[in-house]
Each structure stands twice: as structure tokens, then as C-alpha cells.
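Trainee: The structure's right below; bear with me while I get my questions together.
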Amino acid sequence: IILLLVSIPIAVATTILAPSIIGAAFEDFPAAIPALQWLMASLIFLFVNYPIGNALNAANKQLLNTVNMGIALVTNVILNVLLIPQYTYIGAAIAASISTIILVGLGLPHVYQLTRFRFSVIFKKMFLATAAASIMGAVLWWLQVTLPQTKMMLLLVMAGGAIIYGLACFLLRAVTRQDILALWTAIKPN
């Protein structure tokens, strides 16, 4: 759940701020904007796949995890062959996004068999995090179109977006005090 709470706002903010980010980092290459936006679509699945892969490895299902990665790899290669000739680097970004989604889809049912977690809790947190990220995204979009486009302004807008997302998470109860205490208990030094 923590990885969803982190990856969703990063994906939303980067997708919305892609023109400013590319403009600040690679001003001579605005064509990279849609590729970055497509890759952000797969970021959430990349974050979610991390605990899935670790759970399979911990359950002595390394072979299954490797087979899943092989299937995602072959899918990525096939999609690249099909999409790159017509869509160039956008096709490669789409292929990467689809492959990542497939990897999560292959591993998730096996992790569910191992742990029997409650999908309803995950979907509720994901919905609330998405709502909070949408609020942040609306503010970021407005700031991006109204403020001057400078590197310093981009950094300030990103910091403001993080604050807005945090506040929205608390107001919508995507993150509760108990969640923070549980995270602190898990990561605090002994």
C-alpha cells in the first residue's frame, strides 16, 4: 500500500508536469514529452511489482517469478517489433508500459494464493490515493499554465505538489495516523 501511495502521485505529477520537466532538462527535445507520459503510466505497476517479486522469491517461487519476467520480456520484444516501426520511441514506451502491466498481472494471482490479502483494502487505498493525486494534479496543472516556466519555479511547484498531496491524503483518509505509526514501527531502528 505504501508503494501505491508513493507511486501514484509521482506518476500523476510527472505526467502533468512533463512539458515543464522536459523543457527544463531537455529544451531542444520536446518530442520526449509523450514518451515520458507513457512511461509514467507504467511506474505504478513497476512499484507494485517489487513486493510481488519479493513475495514470490520469499515463498521459494523464484522459477515462477523468472518465468513471469521472461514472458514480460518476450512480450516487450514482440511489442517493440510491432510498434517501433510506426510509432518510434512512443511505441517503445507503450511496449514497456504494457509489459510491466503483464508482469504484475502474472504475479499477483500467485501472491494472493500465498497471502490471501484483502483486495478491498488495497482498492480503497488506491482509490483514495488517486483522488488525492487528482487534487494535486489539478493544482499542478493550474500552476504550470499560470506561473512562469523556470527551473526554480518547477522545483517550487513540485514541492507544493508534494505538500498538497500529503494534505489531501490526510483529508481523504488515504493515510491515517495508524498507517504512519505502523510504517514508523516497521522502519525505526531498534
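Trainee: How much accessible area per residue does the range 37-178 have, in Å², with a 1.4 Å probe?
Mentor: 61 Å²
Trainee: So if the hydrodynamic radius of the range 1-132 is defined as the Kirkwood radius over C-alpha pairs, what does Stokes-Einstein give as its diffusion coefficient at 25 °C and 0.890 mPa s, in µm² per second?
Mentor: For the chosen part, D equals 153 µm²/s.
Trainee: Additional query: Would you please give the FRET efficiency between residue 31 and residue 163, computed as 1/(1 + (r/R0)^6) with r the Cβ-Cβ distance and R0 = 25 Å, to the nearest 0.05?
Mentor: It comes to 0.20.
Trainee: Got a sec to turn the phi values of the range 11-21 into Karplus ³J(HN,Hα) couplings, 6.51 cos²θ - 1.76 cosθ + 1.60 with θ = phi - 60°, whole Hz, x for Gly and Pro?
Mentor: 5, 5, 5, 5, 4, 6, 8, 3, x, 6, 5
Trainee: Which listed residue (19, 5, 93) has the Cα farthest towards the positive end of the charge dipole for the chain, taking +1 on Lys and Arg C-beta and -1 on Asp and Glu C-beta about the Cα centre?
Mentor: In the chain, that residue is 5.
Trainee: Counting each DSSP H run of 4 or more residues in the chain as -39500 (n - 2.57), what helix-only mean residue ellipticity at 222 nm follows after dividing by all residues, to the nearest 500 deg cm²/dmol?
Mentor: The per-residue figure over the chain is -31500 deg cm²/dmol.
Trainee: A further question on this structure: Normalising by the residue count of the chain, find the relative contact order in percent from Cα pairs under 8 Å and 6+ residues apart.
Mentor: Across the chain, relative contact order equals 28 percent.
Trainee: Oh, and also: So if each residue of separation counts as 0.36 nm, and I subtract the Cα-Cα distance between residue 149 and residue 81, what length gain in nm does that give?
Mentor: 20.7 nm
Trainee: How big is the gap, in Å, between the Cα center of the range 118-140 and the Cα center of the range 1-61?
Mentor: When both Cα centres are located, 15 Å separates them.
Trainee: Which number do you get for Rg(Cα) / (2.2 N^0.38 Å) in the range 50-190?
Mentor: Compactness ratio reported: 1.37.
The values are calculated or read from the model by the stated rules, or taken from the named source; none is laboratory data. Everything quoted here is computed from the prediction, not taken from an experiment. So basically every Cβ, Gly included, is an ideal-geometry build from the backbone, and we count neighbours across all protein chains shown. Accessible surface areas use protein heavy atoms only, side chains included; no ligands, DNA or RNA. Shrake-Rupley method; radii C 1.70, N 1.55, O 1.52, S 1.80 Å.
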